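A short write-up of the structure that comes next.
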Amino acid sequence: MKLFREPQSPFRPADTSSFTGTAQTKLLASDAAVHVYQVRFEEGGRTNWHTHSGVQWLVITDGRVRVQCWGELPHDLDAGDAVVFAPGEKHWHGAVSGSSGSHTAVNIDVTTTWLEPVSEEDYRRSSPAR
Ligand code: MN
(Lines give C-alpha, C1' and ligand atoms only; values in the text may rest on other atoms or scores of the structure.)
Protein backbone atom coordinates (compact mmCIF):
# COMPACT_ATOMS: atom_id res chain seq x y z
CA MET A 1 0.00 0.00 0.00
CA LYS A 2 1.18 3.48 -0.86
CA LEU A 3 -0.61 6.48 0.63
CA PHE A 4 -0.78 9.97 -0.82
CA ARG A 5 -1.80 12.54 1.77
CA GLU A 6 -3.49 15.72 0.64
CA PRO A 7 -1.06 18.33 2.06
CA GLN A 8 2.07 16.76 0.57
CA SER A 9 1.65 18.42 -2.81
CA PRO A 10 0.37 22.04 -2.97
CA PHE A 11 -1.37 23.60 -5.93
CA ARG A 12 1.10 25.39 -8.20
CA PRO A 13 0.43 27.83 -11.06
CA ALA A 14 0.16 25.98 -14.37
CA ASP A 15 2.97 26.47 -16.88
CA THR A 16 2.15 29.64 -18.84
CA SER A 17 3.85 28.19 -21.91
CA SER A 18 1.19 25.47 -22.19
CA PHE A 19 -1.88 27.13 -20.57
CA THR A 20 -3.83 30.36 -21.26
CA GLY A 21 -5.35 32.33 -18.39
CA THR A 22 -5.27 31.22 -14.77
CA ALA A 23 -4.95 27.56 -13.85
CA GLN A 24 -3.38 25.63 -11.00
CA THR A 25 -2.24 22.03 -10.89
CA LYS A 26 -1.18 19.62 -8.20
CA LEU A 27 0.04 16.05 -8.31
CA LEU A 28 -2.36 13.93 -6.26
CA ALA A 29 -0.60 10.61 -6.66
CA SER A 30 1.73 8.72 -8.93
CA ASP A 31 2.96 5.18 -9.15
CA ALA A 32 4.76 3.45 -11.99
CA ALA A 33 3.26 4.81 -15.24
CA VAL A 34 0.11 6.33 -13.71
CA HIS A 35 0.04 10.00 -12.69
CA VAL A 36 -3.04 11.62 -11.13
CA TYR A 37 -3.38 15.39 -11.09
CA GLN A 38 -5.97 17.86 -9.85
CA VAL A 39 -6.39 20.91 -12.11
CA ARG A 40 -8.32 24.11 -11.38
CA PHE A 41 -9.21 26.55 -14.16
CA GLU A 42 -10.44 30.04 -13.41
CA GLU A 43 -12.79 31.68 -15.92
CA GLY A 44 -10.97 31.84 -19.26
CA GLY A 45 -8.34 29.33 -18.17
CA ARG A 46 -7.56 26.47 -20.54
CA THR A 47 -4.75 24.30 -21.81
CA ASN A 48 -3.12 24.72 -25.19
CA TRP A 49 -3.99 22.16 -27.80
CA HIS A 50 -2.00 19.02 -27.02
CA THR A 51 -1.69 15.29 -27.47
CA HIS A 52 -0.84 12.52 -25.02
CA SER A 53 1.13 9.44 -25.97
CA GLY A 54 -1.11 7.32 -23.71
CA VAL A 55 -4.70 7.41 -22.46
CA GLN A 56 -5.94 10.36 -20.39
CA TRP A 57 -9.05 10.24 -18.22
CA LEU A 58 -10.65 13.44 -16.91
CA VAL A 59 -13.24 13.39 -14.13
CA ILE A 60 -14.93 16.75 -13.58
CA THR A 61 -15.02 17.53 -9.86
CA ASP A 62 -16.29 21.10 -9.65
CA GLY A 63 -17.78 23.80 -11.85
CA ARG A 64 -17.93 23.35 -15.61
CA VAL A 65 -15.19 22.07 -17.91
CA ARG A 66 -15.07 22.42 -21.69
CA VAL A 67 -13.31 19.79 -23.79
CA GLN A 68 -12.74 19.79 -27.53
CA CYS A 69 -11.04 17.47 -29.99
CA TRP A 70 -9.48 18.87 -33.16
CA GLY A 71 -12.07 19.28 -35.92
CA GLU A 72 -15.01 18.62 -33.60
CA LEU A 73 -17.45 20.80 -31.65
CA PRO A 74 -16.66 21.44 -27.96
CA HIS A 75 -18.55 19.73 -25.14
CA ASP A 76 -19.34 21.28 -21.77
CA LEU A 77 -19.12 18.88 -18.83
CA ASP A 78 -20.40 19.16 -15.26
CA ALA A 79 -19.15 17.78 -11.97
CA GLY A 80 -19.48 13.99 -12.05
CA ASP A 81 -18.97 13.75 -15.82
CA ALA A 82 -15.90 12.09 -17.28
CA VAL A 83 -14.10 11.86 -20.62
CA VAL A 84 -11.38 9.63 -22.03
CA PHE A 85 -8.92 10.84 -24.64
CA ALA A 86 -7.28 8.22 -26.82
CA PRO A 87 -3.52 8.24 -27.38
CA GLY A 88 -2.57 10.86 -29.97
CA GLU A 89 -5.97 12.58 -29.97
CA LYS A 90 -5.39 16.35 -30.33
CA HIS A 91 -7.51 18.19 -27.74
CA TRP A 92 -7.74 20.85 -25.07
CA HIS A 93 -9.55 21.24 -21.75
CA GLY A 94 -10.41 24.24 -19.61
CA ALA A 95 -13.14 26.20 -17.86
CA VAL A 96 -16.38 26.78 -19.73
CA SER A 97 -16.48 30.43 -20.85
CA GLY A 98 -18.08 32.38 -17.99
CA SER A 99 -17.41 29.65 -15.39
CA SER A 100 -14.59 28.14 -13.44
CA GLY A 101 -14.02 24.41 -13.46
CA SER A 102 -11.89 21.65 -11.94
CA HIS A 103 -11.03 18.14 -12.97
CA THR A 104 -8.97 15.21 -11.86
CA ALA A 105 -6.69 13.93 -14.63
CA VAL A 106 -5.48 10.34 -14.74
CA ASN A 107 -2.59 10.00 -17.16
CA ILE A 108 -1.66 6.43 -18.05
CA ASP A 109 1.83 6.05 -19.49
CA VAL A 110 1.59 9.56 -20.91
CA THR A 111 4.08 11.94 -22.44
CA THR A 112 2.36 15.21 -23.39
CA THR A 113 3.19 17.12 -26.57
CA TRP A 114 2.15 20.76 -26.23
CA LEU A 115 0.88 22.55 -29.34
CA GLU A 116 -0.61 25.97 -30.18
CA PRO A 117 -2.87 27.98 -27.82
CA VAL A 118 -6.66 27.72 -28.23
CA SER A 119 -7.80 30.84 -30.09
CA GLU A 120 -10.32 33.17 -28.45
CA GLU A 121 -12.73 32.31 -31.30
CA ASP A 122 -12.47 28.59 -30.58
CA TYR A 123 -12.66 29.19 -26.86
CA ARG A 124 -15.72 31.48 -26.90
CA ARG A 125 -17.66 29.38 -29.42
CA SER A 126 -20.79 28.13 -27.74
CA SER A 127 -21.05 24.43 -27.10
CA PRO A 128 -23.82 22.21 -28.46
CA ALA A 129 -26.62 21.06 -26.19
CA ARG A 130 -25.75 18.12 -23.98
MN1 MN B 1 -5.22 16.41 -22.07
The chain - accessible surface per residue (Å², probe 1.4 Å): 54
Listed peptides 71-82, 97-108 by packing density, highest first (mean Cβ within 10 Å): 97-108, 71-82
Protection-proxy order for peptides 113-121, 52-60, each taking the mean of Cβ atoms within 10 Å per residue, highest first: 52-60, 113-121
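What part of the accessible area of the chain, given as a whole %, is carbon or sulfur when the probe is 1.4 angstrom? List each step's numbers first, then the result.
On the way: 3700 of 7000 Å².
Summing carbon and sulfur atoms, their accessible area is 53 percent of the total for the chain.
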Student exercise, the stretch 30-124 dipole from Lys, Arg, Asp, Glu Cβ charges, in Debye to nearest 20: 80
Helix-only CD estimate at 222 nm, as mean residue ellipticity for the chain, using -39500 (n - 2.57) per DSSP H run (n ≥ 4): -500 deg cm²/dmol
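Relative contact order (percent) for the chain, with alpha-carbon contacts under 8 angstrom and 6 or more residues of separation? All intermediate terms of the calculation are to be shown ahead of the outcome.
Working: 331 pairs, mean separation 38.3, N = 130.
Once normalised by length, the contact order is 29 percent.
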Options T25, G44, P74, ranked by Cα towards positive dipole end of the chain, top entry (Cβ charges): T25
Dipole of the chain, positive end: most advanced residue of T113, S9, H35 [Cβ charges, Cα centre]: S9
3J(HN,Hα) from dihedral phi, the stretch 28-38, Karplus parametrisation 6.51/-1.76/1.60, rounded to Hz, x for glycine, proline: 7, 6, 7, 7, 6, 9, 10, 10, 10, 10, 10
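What percent do you get for the relative contact order of the stretch 22-90 when only Cα pairs under 8 Å and 6+ apart count? Write out the running numbers ahead of the final one.
On the way: 104 pairs, mean separation 20.0, N = 69.
This gives 29 percent for the stretch 22-90.
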Karplus-derived 3J(HN,Hα), 6.51/-1.76/1.60, for each residue of the stretch 107-114, Hz, glycine and proline x: 9, 10, 6, 10, 10, 9, 10, 8
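The values are calculated or read from the model by the stated rules, or taken from the named source; none is laboratory data. All values derive from a computational prediction rather than experimental measurement. Here the Cβ is made from the backbone with ideal geometry for all residues, glycine too, and neighbour counts use every protein chain on show. Remember, those area values only see protein heavy atoms, side chains included, never the ligands or the DNA or RNA. Shrake-Rupley method; radii C 1.70, N 1.55, O 1.52, S 1.80 Å.
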